[in-house]
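One structure is given here, and the rest of the page talks about it.
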There are 2 protein chains.
Amino acid sequence: MSSGVAQAVPPFHGNISFNAQHAPFGAFFSFTCGHFGTRGGFGLQIGKPGNQDLYIGVKDGDRYSDAPLKVLPFYEGAAAANEAARYDVEREAGPAEQNVKPKVVAYAKDQIRRHYGWATDRSVTDNLEFTIYTPFGNVPSPEPNETDANGPAAEAELRYRLLPAVVATLRVDNTAGRTTKTGLFALGFRDKGLRLLDGVLGGALGFALRDEMGFAARVVGGDAFPIMRWAPDVGLSDPNPVHLLGNCPGVGFEVPPGEERTLQLVFGVYLDRLVTTRLEGRYFYTRYYANLTDVLNRGLESFDRLVDDATQKDRALVDSSVSPDQQFLIAHATRSYYGSTQLLDVAGQPLWVVNEGEYCMMNTLDLAVDQVFWELEHHPWVVRNLLDTFVHHYSYVDEVKDAKTGKLKLGGIAFCHDTGAHNQFSPFGHSSYELPHLMGCFSYMTAEQLCNWCLIAATYAVKTGDAEWICQNLHTIDACLTSLTNRGGDAGFCQYESSRCGERGAEITTYDSLDRSLAQTRANVYMATKTWATYLGLTRLLERDLPDRAVLARRQAERVEERVLAQAGPDGVLPAVFERDNPGHGSRILPAIEGLIYPLVWGDESALQSRLANALRCHTLALLRDPQRRNVFADGGIKLSSTSNNSWMSKIALFQHICRVALNADDDADIRNLFAVADAAHVCWQTDGSGYWACSDQFVSGVAKGSRYYPRVITAALWLQAINTSASERVQIGKRLLSSGKAEAR
Amino acid sequence: MSSGVAQAVPPFHGNISFNAQHAPFGAFFSFTCGHFGTRGGFGLQIGKPGNQDLYIGVKDGDRYSDAPLKVLPFYEGAAAANEAARYDVEREAGPAEQNVKPKVVAYAKDQIRRHYGWATDRSVTDNLEFTIYTPFGNVPSPEPNETDANGPAAEAELRYRLLPAVVATLRVDNTAGRTTKTGLFALGFRDKGLRLLDGVLGGALGFALRDEMGFAARVVGGDAFPIMRWAPDVGLSDPNPVHLLGNCPGVGFEVPPGEERTLQLVFGVYLDRLVTTRLEGRYFYTRYYANLTDVLNRGLESFDRLVDDATQKDRALVDSSVSPDQQFLIAHATRSYYGSTQLLDVAGQPLWVVNEGEYCMMNTLDLAVDQVFWELEHHPWVVRNLLDTFVHHYSYVDEVKDAKTGKLKLGGIAFCHDTGAHNQFSPFGHSSYELPHLMGCFSYMTAEQLCNWCLIAATYAVKTGDAEWICQNLHTIDACLTSLTNRGGDAGFCQYESSRCGERGAEITTYDSLDRSLAQTRANVYMATKTWATYLGLTRLLERDLPDRAVLARRQAERVEERVLAQAGPDGVLPAVFERDNPGHGSRILPAIEGLIYPLVWGDESALQSRLANALRCHTLALLRDPQRRNVFADGGIKLSSTSNNSWMSKIALFQHICRVALNADDDADIRNLFAVADAAHVCWQTDGSGYWACSDQFVSGVAKGSRYYPRVITAALWLQAINTSASERVQIGKRLLSSGKAEAR
């Protein structure tokens, strides 16, 4: 159908059968749909798509007509059979005989256009248009002093941003029709405990699953009617449209010939209880909304603003300089990031959590370090909140193992991999992930997490100028420098293993299921540049208040730089692991340059022009121009390590951004073209390799095998120059920060 | 192994592979296990078995030994392969690769003895003995005035009875062994959110799923250790026995040679929130227990008493006069009844709910009428509570349809089929089940539910002598007589349909998925005798305060009696439906006599010696002696209607009880034998036809097809003469009630 409103977003050019994780801010809730033939809908605190069949469609005639209901293919079985499967409900069957197949027909793929914008997801057929809106934006700090200081406007804005709901519209255009059409939105639940929301929604219809999730619906300028049977078509035509034992609630509406109607939908959730253990927290939104029906009513009330905000975001992305492939990846990642977010109220204080996609580990620090660029742009207070959580509850002090002498030496402060999993905060000082006695997956990430905390802190400080926070945490920052130095030995970086690894274990990196080239921490070039950047960050953090320590930090950075430079081969390639007898020595890894992202976002021109940066540029160009194409998959996608088929999309995005902006690698037309081909391949990884799992991070030869439904791909938003100040402006901010006093900074 | 304690309960003589629904009082929670090769464990508010693999076993050697772990076959896959399936955890696999098969071996069926008592369920092998204890008994009223009046002792007793936990023991006997053995109890969860309960259980180990369910374990006089990996054997032997990302928590213990050890286990639940909507309620146990760990600690504290109470119940059943088959059915039914019970606190007042098995409809009135005999024996206040709930919120007033004239006439008060489903109270005055415009399943049960409420009220009054309750509800009781009379026309019973059925619909009975012989209300002999009994009950309720109305009630009973007597054929058989052109006219139904249960429990000798009773005796004997065996299945099980393969165990139990006690039908050796064969068949229905679903009610040719996991089979406990006063004593109570004043009665 032709759209009633101007379409900012052109039709998606790829495979349109993929799930998107439509989510509000901080509710750990997604309304997922888009993948053909599988279930989705409401998913609350689960790290995967919901479990409802979605019936979104239209039929010719009034609600009682015999015409088949033609629906979008967002239900189990839709992909297999494009025809209506018709079953009679067995006569004289008891309530157990509830699983009847509905009399519905799914639209074929070529009958649907999908407009996948940054904040709208619109499926269009000849007769209907279904759109989900997920506006996002700056969220004011909920810290009491800050919100109060910003007054009632900030309070109202925070309330708006915390609404735990997603809105949608179903438009049926019958302006050219000669007979009535009937539109329908219905959800086939598998869970039990459905109810009709009677008399609690002003002017709208609605259903809920217990008191936890539900939807409200209304037709502006028209009528709607409720249904709830065991199949959507039964609810339309049966004399009893609603049975309280039904599992398929929905709302229908008739559209007279010559007219059009739009059904407005609000999908809301509400958990009115402690949802986490140990650090016992409830959702922060419970401060602003009384219950589920309040959420639904406020969603209806804010409907127009939500739609407008989403449309503006769409426009911003379409008008940006990035390609359609890149736009898709950014839009896809944005949704999955928000679907993993969770803002808690713990003992009256906000506590920020990003859940680790399908694994639901909480605040995984090696994800946080990558998400920090987006967060500092939109809600920088969550970064400070996370830094504090780790200092207060999830830091520890270890020793380090000297492999040569077998002796334990001084280690220092370090940070846990995560703060728990599936809403269960782990024992303080311990992650849910890490175990001793291991060489691979589930070992400790001590050195990398120490770097991560420092890098987040430095980036937070540069972006916000929050000198007071630095001052309050100076002793911790100083301890980090000691700890990092103690772990580095002569090389300055990662020569020892944490005593937490036990006698036999060795530290790993965030690339935990890759081979030694990236999974081994010790003597790894990826860790080397990351440690170098960490020392530069510590230099910034310490320069004003502890200048002698800052000098040490800078000297350590130089020591690491020298060590890396000494490793470059005659072809300019750096080995992945500096140990000659290590299986990773011959690997060629692109994330060697990852540490450059920090000087880039800090505006540290001298670091970007350093000898190390230059060596990394040579290394990268050698790998990208490799005639054997050892760092490219057959489909053109980027292969982070030449010796593994495991690749991480979030890290590829970082790599590409550094190449383009810090190394100017795409001055080279071949590389520019290589990246364009790669972008197209990465789109296919998501749509074809991760169609059910929405946005995923870890791909094995283009198929999502792990880290699915994942927040971290939000690094792709760096392509928009997410830190929207110029490099020179950033240099100015950095200088100001380092010379200023507290009053000026905050 | 030889038991350390005297075994009151002999080994079960049938198929031991069946689930049992181990449950405390009023928590809507069961710990289900016993069926081979399927999952069970914790099931909370779900109306079906839980979803955990149970690993309960022992191995030779210490915890690290290579010997296979030999376990009871209570996990998925156990039935298929009796050998250990061995898989290595894939190296370098991410957290998604969690589904590894454990290295365990299941005991074969012939290696296990099962002692299935009234309140203990003990599985015994050569090396271990696993026992679950579910004591039950009298529960004091939680009504504030009554509990206060009965003082602190009643308060303490109520607290004990409301403990939302089930306890168990795992005993490993190594007294004859020469090497250490290691015992283990572990649960393989599919749900996410597991945690170790560290530092909150005094002297015990424990795990929980979120803050909702968990278990505590300790070895008296010995040590135990925790495990939590993705398979039980990994937790025993791996250097890291506990990983917070594991899904298989458990507790192990080593048993030195020459010794024995017993692991004590408490399975507890706690929901600390509103769990129902509309009538918003929380669990009543939240008044007595602070949280999950409090429940677990109190379970440990009360362990010995719980075990003793269970053992006493075992002894009572073993010492009773009923056969081993009957003992099994009673024990099986008792567990399923309690697993469906739910005591809520709604606005400070107790509210009683029995959920309808797999359907989870709340307080289905046609179940309540059958459960009343058990409830009045053990906790009569729940009956009054239910009567009041229906009066206050789930009664309605209708008209009735005269099929001949097509006109509506005065109807009267009636009661809903249920009060909601799956914790969602339905709109007041409406059930979740009933719909208009239907002739079969899901139609209204208006007349039957009116009878049911009256019969429950009369039985409550006779049993408790609560004249005050009668007085307070006299207007309702009187209205019931008017309503019942209005529905009866000339015949005195069920000649009209409720206006709620709409123009086309017709009322049905509790036998909703049977054919017309039992599902049609109008002119049905089952409804006739039930209505007759209802008039007799109303006579009792009205006799003291409204004697004129009591006379009317008695006259109506006589009118029904005459109508039924006139239908008897020359062979003494009563047609199921009195309408000659009705398909049910030729059916021969055993529940024709169901109405006799009420005079029987009321001790109404004159009704039991009435002409109607005599006619029903002739009818029943004719059906039971039928040479064509039309009311017996091929396996010897009882077939309630000659024209349907649908049969309900709860109703069969009622039928048998009436036959034996009221009609003395088993004076006849053939019938006695027929019943014994039937009892054996009914045991097989449960163990073989409902092995997964624990105790079920509705069987189609011996297979549970509906009404599974069901509370109503508790009618079998009538076989123990559940109303444990003699018939003559009951007559005395009845007389006293009818002549006494308020003060005396309550």
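Listed values, structure above:
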item: Any chance A:VAL266 is open to solvent by 10 Å² or more (accessible area, probe 1.4 Å) and either hydrophobic (A, V, I, L, M, F, W, C) or within 14 Å of chain B (Cβ to nearest Cβ) (or both); result: no
item: Close pairs from segment A:227-238: first farther than 19 Å from A:LYS192 by Cα, partner open to solvent by 10 Å² or more (accessible area, probe 1.4 Å) and of a type in the set (Ser, Thr, Tyr), Cβ under 9 Å, at least 6 apart; result: A:ASP233/A:TYR55; A:LEU236/A:TYR64; A:LEU236/A:SER65; A:SER237/A:TYR64; A:SER237/A:SER65
item: Some residue of segment A:233-249 being in a strand (DSSP E or B) and either more than 14 Å from every other protein chain (Cβ to nearest Cβ) or open to solvent by less than 20 Å² (accessible area, probe 1.4 Å) (or both); result: yes
item: Every residue from segment A:339-352 that is within 13 Å of the chain's Cα centre (by Cα) and more than 14 Å from every other protein chain (Cβ to nearest Cβ); result: A:GLY339, A:SER340, A:THR341
item: Residue in segment A:298-340 that is farthest from A:ASP697 (Cα to Cα), counting only those that are in a loop (DSSP other than H, G, I, E, B) and open to solvent by less than 20 Å² (accessible area, probe 1.4 Å); result: A:VAL322
item: Counted residues, segment A:207-226 - those being open to solvent by less than 30 Å² (accessible area, probe 1.4 Å) and within 13 Å of another protein chain (Cβ to nearest Cβ); result: 5
item: Exclusive hit being crowded, with 23+ Cβ neighbours inside 10 Å, more than 30 Å from A:GLN21 (Cα to Cα), modelled with pLDDT of 95 or more and of a type outside the set (Phe, Trp, Tyr), set A:GLY429, A:GLY411, A:GLY357, A:GLY420; result: A:GLY411
item: 1 or more residues assigned by TED's automatic domain parsing to the domain that holds B:THR169 and at pLDDT 95 or above: qualifying strands (runs of 3 or more DSSP E) within segment B:25-80; result: none
item: From the options A:ASP198, A:ASP191, residue that is within 24 Å of A:VAL104 (Cα to Cα), within 14 Å of chain B (Cβ to nearest Cβ), surrounded by fewer than 19 Cβ atoms within 10 Å (Cβ to Cβ) and acidic (Asp, Glu); result: A:ASP191
item: Residue list for segment A:475-515, filter: away from chain B (no Cβ under 14 Å), open to solvent by 20 Å² or more (accessible area, probe 1.4 Å) and either touching a Pro at 6+ places or on another chain (Cβ under 6 Å) or on the phi < 0 side of the Ramachandran plot (or both); result: A:HIS475, A:ASP478, A:ALA479, A:THR482, A:THR485, A:ASN486, A:ASP490, A:GLN495, A:TYR496, A:SER499
item: Candidates A:LEU674, A:LEU718 - the one that is open to solvent by less than 10 Å² (accessible area, probe 1.4 Å), farther than 22 Å from A:GLY50 by Cβ and in a helix (DSSP H, G or I); result: A:LEU718
item: Positions within segment A:181-199 being modelled with pLDDT of 95 or more and either assigned to a loop (DSSP other than H, G, I, E, B) or of a type in the set (D, E, K, R) (or both), in sequence order; result: A:LYS181, A:PHE189, A:ARG190, A:ASP191, A:LYS192, A:GLY193, A:ARG195, A:LEU197
item: Selected residue (criterion: surrounded by the fewest Cβ atoms within 10 Å (Cβ to Cβ)) from residues of segment B:391-408 that are out of contact with any helix residue (DSSP H, G or I) (no Cβ under 7 Å at 6 or more places or on another chain) and part of a strand (DSSP E or B); result: B:VAL397
item: Lone qualifier among A:ALA368, A:ALA403, A:ALA331, A:ALA347 - being aliphatic (A, V, I, L, M) and on the phi > 0 side of the Ramachandran plot; result: A:ALA347
item: Residue list for segment A:36-71, filter: on the phi > 0 side of the Ramachandran plot and among the small types (Gly, Ala, Ser); result: A:GLY37, A:GLY41, A:GLY47, A:GLY61
item: Unique match (being in contact (Cβ under 8 Å) with a residue 40 or more places away in the chain and assigned to a loop (DSSP other than H, G, I, E, B)) among A:LEU518, A:LEU481, A:LEU514, A:LEU455; result: A:LEU514
item: Top-ranked residue of segment A:269-287 - restricted to ones that are away from chain B (no Cβ under 11 Å) and not small (Gly, Ala, Ser), ranked as surrounded by the fewest Cβ atoms within 10 Å (Cβ to Cβ); result: A:ARG287
item: Selection status of A:SER443, under 31 Å from the mean Cα position of the chain (by Cα), of a type outside the set (Lys, Arg), crowded, with 24+ Cβ neighbours inside 10 Å and within 14 Å of chain B (Cβ to nearest Cβ); result: yes
item: Among (1) open to solvent by 10 Å² or more (accessible area, probe 1.4 Å); (2) more than 14 Å from every other protein chain (Cβ to nearest Cβ); (3) out of contact with any helix residue (DSSP H, G or I) (no Cβ under 7 Å at 6 or more places or on another chain) - the single one B:THR687 does not satisfy; result: (1)
item: Some residue of segment A:136-147 being touching a residue at least 40 places away in the same chain (Cβ under 8 Å) and part of a strand (DSSP E or B); result: no
item: Answer residue from segment B:700-715, given it is within 14 Å of another protein chain (Cβ to nearest Cβ) and farther than 14 Å from B:HIS332 by Cα and is surrounded by the most Cβ atoms within 10 Å (Cβ to Cβ) among those; result: B:SER707
item: Single match in B:ASP309, B:ASP304 (criterion: away from chain A (no Cβ under 13 Å), among the charged types (D, E, K, R) and free of Cβ contacts under 8 Å to residues at least 60 places away in the same chain); result: B:ASP304
item: Answer from A:LEU367, A:LEU410, A:LEU387, A:LEU376 - the residue that is aliphatic (A, V, I, L, M) and within 14 Å of another protein chain (Cβ to nearest Cβ); result: A:LEU367
item: Pairs where the first residue, in segment A:37-55, is within 14 Å of chain B (Cβ to nearest Cβ) and touching a residue at least 12 places away in the same chain (Cβ under 8 Å) and the second is among the small types (Gly, Ala, Ser) and part of a strand (DSSP E or B), C-beta under 7 Å, 6+ apart; result: A:GLY43/A:SER30
item: Residue within segment A:156-165 that is within 14 Å of another protein chain (Cβ to nearest Cβ) and surrounded by fewer than 23 Cβ atoms within 10 Å (Cβ to Cβ) present; result: no
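One line per residue, one yes/no per condition, for (1) of a type outside the set (A, V, I, L, M); (2) open to solvent by 10 Å² or more (accessible area, probe 1.4 Å):
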{"position": "B:THR539", "(1), (2)": "yes, no"}
{"position": "B:VAL551", "(1), (2)": "no, yes"}
{"position": "B:ALA557", "(1), (2)": "no, no"}
{"position": "B:VAL560", "(1), (2)": "no, no"}
{"position": "B:ALA566", "(1), (2)": "no, yes"}
{"position": "B:PRO570", "(1), (2)": "yes, yes"}
{"position": "B:ASN582", "(1), (2)": "yes, yes"}
{"position": "B:LEU590", "(1), (2)": "no, no"}
{"position": "B:TRP602", "(1), (2)": "yes, no"}
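The values are calculated or read from the model by the stated rules, or taken from the named source; none is laboratory data. All figures in this text were calculated on a predicted structure; none of them were measured in a lab. Because the Cβ atoms are built from the backbone with ideal geometry, glycine has one as well, and the counts that use them run over all protein chains shown. Each accessible area value is taken on the protein alone, full model and side chains, heavy atoms only, with ligands, DNA and RNA left out. Shrake-Rupley method; radii C 1.70, N 1.55, O 1.52, S 1.80 Å.
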